[in-house]
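Okay, so here's the structure we're looking at.
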């Protein structure tokens, strides 16, 4: 059956129900595992390790680990129908447009996990707080300060959606061991960028001050200054102008992620050919 390339809410809702039903067992097990691990770690700390949590900031590292690791594992399973020829044919022949299939996957794996994870965190936090109150007879209070949302830490959330966009795009290329291959690919790309930047610095400034060794690609360079009089050295840091830093930040926050999602959609469209 030829798939319609236009968006129809009714048809997408039917596909959404089918997608959720086909993966219901996996989602239930994943949800229970996520909630169980979060609650279990906190309960172990209170009941066994005699840890006292005085503010939400004390347990925020576990929050970020779960947010990134859990979402990465879930999103890496996207489009796994392409892992075999038979499943890929069935997937492509479903009477739904590729945009609807892409949007359904995005809503469940990226948006859906984000919402569920915070609900799970809220419930786990209340259970941990209850256990702590029971053990210490309400003498230790857990302050809900949410300090982890201040001091530019909202960029963790920009990073979350950027990471999901990268993994979704990678899932259209790597149909087995997606997460492992994505991590290796990211490492290779970042290494290539660092080498290119170091080569450019080496060509422009040579070995003076060993600047090619002390760089953050296209952001800053460090120049080693030697003081022969007292046999000491220090590093001078040169950073790009503020307007360029703000431009980089805007691109990362609002352009790179959506651009990767658009590429993911067109990659799915290519699968029809």
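Quick grid of which residues meet (1) closer than 30 Å to residue 77 by Cβ; (2) touching a strand residue (DSSP E or B) at 6+ places or on another chain (Cβ under 7 Å); (3) in contact (Cβ under 8 Å) with a residue 60 or more places away in the chain:
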{"position": "190", "(1), (2), (3)": "yes, no, no"}
{"position": "201", "(1), (2), (3)": "no, yes, no"}
{"position": "207", "(1), (2), (3)": "no, no, no"}
{"position": "216", "(1), (2), (3)": "no, no, no"}
{"position": "254", "(1), (2), (3)": "yes, no, no"}
{"position": "270", "(1), (2), (3)": "yes, no, no"}
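Say whether the condition of being over 19 Å from residue 171 (Cα atoms) and in a loop (DSSP other than H, G, I, E, B) is met by at least one residue in the stretch 14-32. No, the stretch 14-32 contains no residue that is over 19 Å from residue 171 (Cα atoms) and in a loop (DSSP other than H, G, I, E, B). Number of residues in the stretch 73-96 that are in contact with a helix residue (DSSP H, G or I) (Cβ under 8 Å, 6 or more places away or on another chain) and either surrounded by fewer than 20 Cβ atoms within 10 Å (Cβ to Cβ) or within 17 Å of residue 270 (Cα to Cα) (or both) equals 15.
Condition first: surrounded by 14 or more Cβ atoms within 10 Å (Cβ to Cβ) and either under 19 Å from residue 167 (Cα atoms) or in contact with a strand residue (DSSP E or B) (Cβ under 8 Å, 6 or more places away or on another chain) (or both). Now tell me which residues in the stretch 117-146 satisfy that. Those that are surrounded by 14 or more Cβ atoms within 10 Å (Cβ to Cβ) and either under 19 Å from residue 167 (Cα atoms) or in contact with a strand residue (DSSP E or B) (Cβ under 8 Å, 6 or more places away or on another chain) (or both): 117, 142.
Counting only residues that are loosely packed, with under 13 Cβ neighbours inside 10 Å and assigned to a helix (DSSP H, G or I), the stretch 41-64 holds 2 of them. As for the stretch 165-174, it holds at least one residue that is surrounded by 11 or more Cβ atoms within 10 Å (Cβ to Cβ), free of Cβ contacts under 8 Å to residues at least 12 places away in the same chain, in contact with a helix residue (DSSP H, G or I) (Cβ under 7 Å, 6 or more places away or on another chain) and closer than 30 Å to residue 96 by Cβ.
Per-residue answers, yes or no, for (1) in a helix (DSSP H, G or I); (2) in contact (Cβ under 8 Å) with a residue 40 or more places away in the chain; (3) more than 21 Å from the chain's Cα centre (by Cα):
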position: 111; (1), (2), (3): yes, no, no
position: 114; (1), (2), (3): yes, yes, no
position: 118; (1), (2), (3): yes, no, no
position: 123; (1), (2), (3): yes, yes, yes
position: 127; (1), (2), (3): yes, yes, yes
position: 137; (1), (2), (3): no, no, yes
position: 141; (1), (2), (3): no, yes, yes
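The requirement of being within 30 Å of residue 267 (Cα to Cα), more than 18 Å from the chain's Cα centre (by Cα), part of a helix (DSSP H, G or I) and at pLDDT below 85 is not satisfied by residue 175.
The values are calculated or read from the model by the stated rules, or taken from the named source; none is laboratory data. This structure is a prediction, so every number in the text was calculated from the model and none was measured. For neighbour counting, all protein chains shown are included, and Cβ atoms are generated from backbone atoms with ideal geometry for every residue, glycine included.
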